[in-house]
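One structure is given here, and the rest of the page talks about it.
The values are calculated or read from the model by the stated rules, or taken from the named source; none is laboratory data. Computed from a predicted model, the values in this text were never measured in an experiment. Note that we place each Cβ from the backbone using ideal geometry, even for glycine, and neighbour counts take in every protein chain shown. Please note that ligands, DNA and RNA were not included when accessible areas were found on the heavy atoms of the full protein model with its side chains. Shrake-Rupley method; radii C 1.70, N 1.55, O 1.52, S 1.80 Å.
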Amino acid sequence: MNVGLEVRTDFDAWMNNRHPDTRNFKLNTLQLVFSGELYPGITYRVQQRLNDTPFRESDRYMANTLDAFVHFAPRGWKWDFTIGKQNLLFGTYETDYDPSDLYLLSLVFDNFLISQVGATARRNWKNISLALQVSDVTGDQLVYNENRSFAYTLNAAGYTPDRNMNASIAYTMIQAGNKHFFNWLTLGAQFRHNHYFGELDAYAGRYRENMSLDEETDNYIVADNLSVSMTSRLRLGKLSPLLKLSFDYQQDAEEKTMSKRRWSGAAGMEYYPLDKQDLRFHAVYQFNYVSYGEMWYDNYHNEMTNRVTIGMRWQVSLGDLFDRLRK
């Protein structure tokens, strides 16, 4: 069994035109990762957060457990199966990352509880795969009645033989209640060439949005959402500059009027001092510009947020760490 420790801590400075500026140090991630092989072709992974994190009341079950699954992929099989708590099988690549490795999230991804309990069956061919996933769904955005909250996803993915280009598309039907269904189309693409890496993600679909400006008041509507993001990275020795841009649009599904539009971006630099890439220092600037629809946010002015994040991310195998200490 492999046991890993993952830590991320940051200094954040927030500047917002509607709220007082804030500056603080925060332990964003403290988690253990357990992984290993139960039998040839049968592996497991458990990722457990140890620090307190905010979560919705509806996700109180296993809220800090990001992964807890068993993966069946015996040698020679063209099928593989994953059972347990895992990510929703969207077509986007953004949702595959550990949240600790991201600085800016698309608005849709930020509102989703992406880790859910379910089962996935995947058929693999030479350079393509087709997968079906059935999973539980939690979260106020997606659930009317928690007794009838399931997601059904069909995902198709492909890649070139050298893995320098990947593409994925998925259709997800979310049964949010007895008579309520939300449909989502998600897609992603990745490109690598020498020291450059690029990624494109897109989401389109519906969920419930709380339009109340008072966090203690509920005023939900059904909203149509579109999110598109682009990420670019360069690898220059131990340095890795990055740029991410995102556009999000939301409208009332019934009235067909805009409720929210957001432009956002992040630019920064990562530094990897060790060859094994298990230690990272980062400095990132982020901005969010949000305009609100007058129908729902009367006299609520546009909002601009600037954020500077300086911190570190450390991943280490506890077994390797103990071996180094003994030496």
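Any idea how many residues of the range 16-34 are under 28 Å from VAL290 (Cβ atoms) and open to solvent by less than 70 Å² (accessible area, probe 1.4 Å)? Outline the logic, then answer.
Of the range 16-34, the ones under 28 Å from VAL290 (Cβ atoms) are 16-29.
The next check asks that each one be open to solvent by less than 70 Å² (accessible area, probe 1.4 Å); those that pass are 16, 22, 24, 28-29.
Qualifying residue count, the range 16-34: 5.
Look at GLU37 and say whether it is among the charged types (D, E, K, R), within 24 Å of GLN315 (Cβ to Cβ), open to solvent by 30 Å² or more (accessible area, probe 1.4 Å) and modelled with pLDDT of 85 or more.
Answer is yes for this residue.
Taking the range 176-188, which residues are open to solvent by 40 Å² or more (accessible area, probe 1.4 Å) and in contact with a Leu (Cβ under 7 Å, 6 or more places away or on another chain)?
The answer is none; no residue qualifies.
Filter the range 239-259 down to residues that are out of contact with any Phe, Trp or Tyr (no Cβ under 9 Å at 6 or more places or on another chain) and either touching a residue at least 60 places away in the same chain (Cβ under 8 Å) or part of a strand (DSSP E or B) (or both) and give me whichever is surrounded by the most Cβ atoms within 10 Å (Cβ to Cβ).
GLN250
Select from the range 165-175 the residues that are under 19 Å from TYR93 (Cα atoms) and open to solvent by less than 60 Å² (accessible area, probe 1.4 Å) and list them in ascending order.
ASN166, ALA167, SER168, ALA170, THR172
Among ASP67, ASP80, which is among the acidic types (Asp, Glu), touching a Pro at 6+ places or on another chain (Cβ under 9 Å), free of Cβ contacts under 8 Å to residues at least 60 places away in the same chain and buried (at least 16 other Cβ atoms within 10 Å of the Cβ)?
Details: ASP67 fails: touching a Pro at 6+ places or on another chain (Cβ under 9 Å).
Of ASP67, ASP80, the one residue that is among the acidic types (Asp, Glu), touching a Pro at 6+ places or on another chain (Cβ under 9 Å), free of Cβ contacts under 8 Å to residues at least 60 places away in the same chain and buried (at least 16 other Cβ atoms within 10 Å of the Cβ) is ASP80.
Inside the range 231-266, can you point out the residues that are closer than 30 Å to ASN210 by Cα, within 22 Å of the chain's Cα centre (by Cα) and of a type in the set (Gly, Ala, Ser)?
Step one: filter the range 231-266 for residues closer than 30 Å to ASN210 by Cα, giving 231, 244-266.
This time we only want the ones that are within 22 Å of the chain's Cα centre (by Cα), so: 231, 244-250, 260-266.
Of everything in the range 231-266, those that are closer than 30 Å to ASN210 by Cα, within 22 Å of the chain's Cα centre (by Cα) and of a type in the set (Gly, Ala, Ser) turn out to be SER246, SER264, GLY265, ALA266.
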